[in-house]
Amino acid sequence: MSKQCKQNLTVATNSVHCVVLQAFSVVFEKAIDRAEASEEIKQRVINLIDCITFSVFMYTSRGLFERDKLIFLAQMTFQVSDCTPAALISLLTFSSMFLV
């Protein structure tokens, strides 16, 4: 690949990253505005995390095909849950349904 092609590819990639970052910034700022206010800092942080997570989920799932939305939902759920790695493996392999 020529040096000019690599430079053009880098510029195009940087442009895409800028657009994505701008879009995420808008979603992020709107989520902050929508989050329920609280006098207690700990509760405010919880409210912000919940609202930002939900807003990013909704924004991302808008662009997905219907067949991919369930997979994306599962991935988000696994990331934000307090599930241990062992419990996650058990859930994904259905091994817990054979335990009595």
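The values are calculated or read from the model by the stated rules, or taken from the named source; none is laboratory data. Keep in mind that this is a model prediction, so the values were computed, not measured. Note that each Cβ is placed from the backbone with ideal geometry, even for glycine, and that neighbours are counted across all protein chains shown.
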Residue that is aromatic (F, W, Y) and either at pLDDT below 90 or exposed (fewer than 11 other Cβ atoms within 10 Å of the Cβ) (or both), where the choices are F28, F57: F57
Residue in the range 56-64 that is among the charged types (D, E, K, R) and in contact with a helix residue (DSSP H, G or I) (Cβ under 8 Å, 6 or more places away or on another chain) present: no
Verdict on T84 being out of contact with any Cys (no Cβ under 8 Å at 6 or more places or on another chain), hydroxyl-bearing (S, T, Y) and exposed (fewer than 10 other Cβ atoms within 10 Å of the Cβ): yes
